[in-house]
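Report on the following structure.
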Amino acid sequence: MTASVGETDLQRLLAGLSPALAARPRAIRTQAHDAAVPAHAIMLFREDEGATVVVEAGEDDAAHADEPRWAQITLRIHSSLDAVGMMAAIATALAERAIPCNAVSAYFHDHLFVPWTQREDALEALRTLASGAGAIRVREAVDTDIPAMHAIRMDVRENTLSDPSWLTPDVYRAHLGGAGASNSWVCERDARILGFSVARQAQADIWALFVDPANEGQGIGRRLIAVATDWLFAQGVDIVSLSTAPDTRADTFYRANGWQRGEFTDKGEVMFRLPRITPPLLRHSGLPTC
């Protein structure tokens, strides 16, 4: 059978995700290699330890009554097996909402298996990712960005300030690149700022990372923190730290992205640390996720 090789352009892939939810939940099971493959199996994969099968979960299957139920979301864009970055963007968008994801890349489409109870949230994350797949870039912040940065800081739903009066334009200005041993970045699309981050060399920390609540779930936070940590590592920092309020989306975000959760500060925030490492390369990774 001859078929097209599929889409490889990242922006077209993300814009055309077109996620479709299967009506019935799925079950992911294992069985011996010599066991009969269920006639209704959706997927079969053989590992050394045994065969993995994905089947439609039956409501009347008493033998598997307690097993997890998974939602199958098919991405209707025909993605190439050589495409780079798509799954990294998807993983980022779902991780920012604390949604586990098991992905299967078939010849024509990619299929995501997420917890059945989180299927609607996953669909919303994917649709948000697709709608925001326009030209997004990260750049160093400048003085004229300060009003938009401050508006985002004041609009966040977590890690709010009890007394914001101290956070003046001069405070932001002191952390711009060229003003000292700090640097700041903004993520923007169509000249609109969607989030910002600030890194301090002397403290070896991320002083600020905030995303416009209306644009969460698009990987903006991950890209902003990546550019900030890369800058600190380039300045010779070996371990980057930050703190955030516990049991928040930010707490979940940092844990999902490889930060080491540590002790609590005197202010009741939890410390996170990220050592300098080289991440492994994965298929569909390499996206400058934003």
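The values are calculated or read from the model by the stated rules, or taken from the named source; none is laboratory data. Just so you know, these numbers come straight off a predicted model, no measurement behind them. Using ideal geometry, Cβ is built from the backbone for each residue, glycine included, and neighbour counts are taken over all protein chains shown.
Things to note:
Yes/no per residue for (1) on the phi > 0 side of the Ramachandran plot; (2) surrounded by 12 or more Cβ atoms within 10 Å (Cβ to Cβ); (3) touching a residue at least 40 places away in the same chain (Cβ under 8 Å):
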site: 138; (1), (2), (3): no, yes, yes
site: 143; (1), (2), (3): no, no, no
site: 148; (1), (2), (3): no, yes, yes
site: 152; (1), (2), (3): no, yes, yes
site: 158; (1), (2), (3): no, yes, yes
site: 167; (1), (2), (3): no, yes, no
site: 170; (1), (2), (3): no, no, no
site: 177; (1), (2), (3): no, yes, no
site: 184; (1), (2), (3): no, yes, yes
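- The listed residues are 224, 161, 167, and the only one of them that is among the hydrophobic types (A, V, I, L, M, F, W, C) and in contact with a strand residue (DSSP E or B) (Cβ under 6 Å, 6 or more places away or on another chain) turns out to be 224.
- Some residue of region 91-101 being over 26 Å from residue 217 (Cα atoms), among the charged types (D, E, K, R) and not assigned by TED's automatic domain parsing to the domain that holds residue 211: no
- Residue ID - nearest to residue 209 (Cα to Cα), chosen from residues in region 139-162 that are among the polar types (S, T, N, Q) and part of a loop (DSSP other than H, G, I, E, B): 159
- Test: residue in region 173-194 that is assigned to a loop (DSSP other than H, G, I, E, B), touching a Pro at 6+ places or on another chain (Cβ under 9 Å) and either more than 28 Å from residue 12 (Cβ to Cβ) or in the same structural domain as residue 16 (by TED's automatic domain parsing) (or both): no
- Residue that is modelled with the highest pLDDT, among those in region 43-65 that are within 29 Å of the chain's Cα centre (by Cα) and of a type in the set (Asp, Glu): 47
- Whether a residue is acidic (Asp, Glu) and under 29 Å from residue 10 (Cβ atoms) was assessed, and residue 66 does not pass this test.
- Of everything listed in (1) over 18 Å from the mean Cα position of the chain (by Cα); (2) surrounded by 21 or more Cβ atoms within 10 Å (Cβ to Cβ); (3) farther than 25 Å from residue 268 by Cβ; (4) not acidic (Asp, Glu), the single unmet condition for residue 198 is (3).
- Restricting region 1-31 to residues that are under 16 Å from residue 128 (Cα atoms) and in a loop (DSSP other than H, G, I, E, B), the residue that is modelled with the lowest pLDDT: 16
- The listed residue being among the polar types (S, T, N, Q) and modelled with pLDDT of 90 or more, out of 201, 218: 201
Rundown of residues vs (1) within 24 Å of residue 99 (Cα to Cα); (2) of a type in the set (S, T, N, Q); (3) in contact (Cβ under 8 Å) with a residue 60 or more places away in the chain; (4) in contact with a Phe, Trp or Tyr (Cβ under 6 Å, 6 or more places away or on another chain), yes/no style:
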position	(1), (2), (3), (4)
192	no, no, no, no
201	no, yes, no, no
231	no, no, no, no
234	no, no, no, no
237	no, no, no, no
242	yes, no, no, yes
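- When 120, 56 are checked against the criterion of being surrounded by fewer than 23 Cβ atoms within 10 Å (Cβ to Cβ), farther than 30 Å from residue 34 by Cα and acidic (Asp, Glu), 120 stands alone in meeting it.
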